[in-house]
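What follows is a single structure, written as structure tokens, with notes after it.
The values are calculated or read from the model by the stated rules, or taken from the named source; none is laboratory data. None of the values given here were measured: they were computed from a predicted structure. Note that we place each Cβ from the backbone using ideal geometry, even for glycine, and neighbour counts take in every protein chain shown. Please note that ligands, DNA and RNA were not included when accessible areas were found on the heavy atoms of the full protein model with its side chains. Shrake-Rupley method; radii C 1.70, N 1.55, O 1.52, S 1.80 Å.
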Amino acid sequence: MKFTILIIDDEKHIREGLATDFEMDGYNVHLASNGQEGLELLEKGDIDLVITDLRMPGISGEEVLKKVTAQMPGIPVIVLTGHGSIDSAVAAMQNGAYDFLTKPLDLQHLELVVKRALAGRELSLQHQQLLKEVKTTSSVGIIGKSPALQNVMQMINKVAPSKISVLITGESGVGKEVVADAIHNSSNRRDKPFIKVHCAALSESLLESELFGHEKGAFTGAESLHKGKFELAHGGTIFLDEIGEIDKTVQVKLLRVLQEKKFERVGGEETLEVDVRIIAATNKNLQEEVKKGNFREDLFFRLNGINIHVPPLRERKEDIPLLISSFLKKYNEENGRNVKGFDSKAKAMLFKYNWPGNIRELQHCIESAVVMSNGDEITPKDLSIAENLVTEDKSISIPLGTNMQEAEKIIICKTLSACGGNKTKTADILQIGRKTLHRKLSEYGLIQQQD
């Protein structure tokens with residue numbers, strides 16, 4: 001992308017000299033001889049960075065800085081002055097200046113500052129664009145634009161208005177509960193109860209009581225009548241997560257509710273009728289569980305009115321940029337941080353990794369990276385997946401006939417690459433000292449010897 005720089009300085013030779021230099025570097029440049037002209041150009045838009053003199057007749061650079069930081073906070077401002085002092089520098093930085101440089105200028109240093117500031121600007125613009133895409137694609141909380149996920153969304157839109165039971169399948173962490181939320185929130189039951197039950201978290205006896213309720217005195221400790229989740233969900237939707245974990249005794253009672261919409265509380269004789277839509281989810285292959293005798297075939301057919309399969313993240317990696325942008329915004333806000341994005345190596349790692357824990361693992365990875373990051377960018381050392389990348393790619397191909405020295409080089413370089421360039425982790429995995437690793441890399445001509 002080609003950036004546009006606005007230079008505001010009342011000294012003609014300085015602004016025109018800077019303009020010539022930055023135009024030669026490939027930037028678009030606008031010039032203003034005073035603060036008023038500068039603000040007028042800023043209001044027209046398309047400015048990515050401002051370089052302004054601090055002391056100018058009329059509207060000062062300090063006033064320009066305050067206006068930009070208040071009204072256009074994404075645009076970095078570099079302040080120049082021939083009256084450099086600690087007080088002026090502190091005041092400029094407190095008012096939001098990206099950097100403060102004194103005249104006469106060190107042009108090479110200014111070029112580096114501009115390059116660094118615009119790299120941050122590009123990150124910010126990319127993040128803003130991704131957030132716009134998140135808003136566009138995150139219908140009822142589902143984020144992504146891959147064909148696989150769009151197919152899921154189309155199925156949700158079709159089944160949501162109906163009463164048919166839905167079975168959501170997919171690996172752990174893919175977002176099955178989010179899909180259930182989307183179905184309920186898009187249905188005509190959206191204003192009715194939406195009750196969630198995590199079946200694997202409860203024993204057989206507790207699950208039966210939780211689902212169907214119990215009468216007072218039904219068992220030891222049942223000191224009062226307890227309404228079950230089906231009773232509480234009347235008129236709405238019940239979500240049975242990890243349905244593959246329920247015991248056969250509960251399966252029989254659940255089948256009756258699906259067939260007849262009737263049940264009795266534990267220890268009770270009164271038959272209750274309910275109008276409840278059932279959405280179930282599992283990371284198991286229920287057809288295989290039926291063959292093994294672990295799951296009733298008739299219950300499977302009743303639950304599997306419509307099957308929505310949520311693909312794993314490794315099969316829809318084009319959704320990763322939108323997901324990480326959404327998570328970055330969320331965890332910046334929750335932790336009071338202002339991390340703008342990811343450097344190129346960190347991005348490469350996020351795409352290379354196969355995410356066995358799917359979206360849940362990605363979410364935890366971004367949360368920890370936001371907390372651990374020391375700058376505006378998340379780097380490979382901030383990510384918690386480097387060692388997993390090495391574990392995931394367990395084999396290294398070494399051609400037959402390779403000598404020991406060359407084989408060692410291949411192993412070290414491949415491991416370093418899998419660790420995203422993190423030398424400490426590479427040394428730990430290879431069980432060699434960090435100095436030894438530095439010496440080896442120096443011998444290979446990959447770094448300069450430092451130790």
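Quick notes on this one:
- Computed over segment 271-427, relative contact order equals 18 percent, with contacts defined as Cα pairs under 8 Å that lie 6+ residues apart.
- Mean shadow area of the chain over all directions, Cα convex hull, nm²: 32.5
- When the C-alpha to C-alpha distance is required to be over 32 Å, the pairs from Lys145/Lys345; Lys2/Lys145; Lys284/Lys425; Lys317/Lys414 that qualify are Lys284/Lys425.
- Once the C-beta distance of Asp21 and Met372 is scaled by a Förster radius of 45 Å, the resulting FRET efficiency is 0.75 to the nearest 0.05.
- With all protein chains kept in place, the per residue accessible area of the chain amounts to 51 square angstrom at a probe of 1.4 angstrom.
- Here the accessible area of segment 274-388 is 46 percent carbon and sulfur, with a 1.4 angstrom probe and all protein chains present.
- When the helices of the chain are scored as -39500 (n - 2.57) per DSSP H run of n ≥ 4 and the total is divided over every residue, the value at 222 nm lands at -14500 deg cm²/dmol.
- Magnitude of the charge dipole, the chain, Cβ model with Lys/Arg +1 and Asp/Glu -1, debye to 20: 1180
- Computed from the alpha carbon positions, the gyration tensor of segment 142-264 leads to an equivalent ellipsoid with semi-axes of 30, 16, 12 Å, biggest first.
- Farthest towards the positive end of the charge dipole of the chain, among the residues Leu303, Ala91, Met372, is the Cα of Leu303, using unit charges on the Cβ of Lys, Arg, Asp and Glu.
- Using the average count of surrounding beta-carbon atoms within 10 Å as a protection proxy, the listed peptides 29-40, 115-126 rank, highest first, as 29-40, 115-126.
- Gain on full stretching of the segment that runs from His198 to Gln287 - 0.36 nm per residue minus C-alpha separation: 30.0 nm
- Distance cut-off 20 Å, percentage of C-alpha pairs in segment 296-430 lying past it: 56
- Taking the charge dipole of the chain about its Cα centre, with +1 at Lys and Arg Cβ atoms and -1 at Asp and Glu Cβ atoms, the residue from Ile195, Gly244, Gln71 reaching farthest to the positive side is Gly244.
- Residues of type aspartates and glutamates that Lys67 reaches as a straight line, Cα spacing below 14 Å, ignoring anything fewer than 8 places off in the same chain: Glu37, Glu40, Glu43
- Segments 281-290, 73-82 sorted - mean Cβ within 10 Å per residue, highest first: 73-82, 281-290
- Paramagnetic reach from Lys115 (point 7 Å along Cα→Cβ, amide N under 15 Å) across segment 9-32: 22-27
- The share of alpha-carbon pairs in segment 1-85 lying farther apart than 18 Å comes to 35%.
- Estimated from the Cβ-Cβ distance and a Förster radius of 41 angstrom, the FRET efficiency linking Leu125 and His364 is about 0.90.
- Positive dipole terminus of the chain, leading residue within Gly58, Asn28, His13 (C-beta point charges): Asn28
- Taking every C-alpha pair closer than 8 Å and separated by at least 6 residues, the mean separation divided by the residue count of the chain gives a relative contact order of 11 percent.
- Most tightly packed first, judged by the mean number of other beta-carbon atoms within 10 Å of their residues, the peptides 16-22, 305-311 read 305-311, 16-22.
- Between Asn307 and Ala222, the distance separating the two model label sites (each 7 Å from Cα on the Cα→Cβ line) works out to 3.7 nm.
- Here Glu11 and Asn338 are evaluated by their C-beta separation; at R0 = 30 Å the FRET efficiency comes out at 0.30.
- Scattering from segment 199-259 was approximated by placing one identical point on each alpha carbon and applying the Debye formula without solvent; log10 I(q)/I(0) at 0.12, 0.13, 0.18, 0.30 1/Å stands at -0.29, -0.34, -0.66, -1.37.
- Note on segment 41-83: Cα-Cα pairs beyond 16 Å make up 31% of the total pair count.
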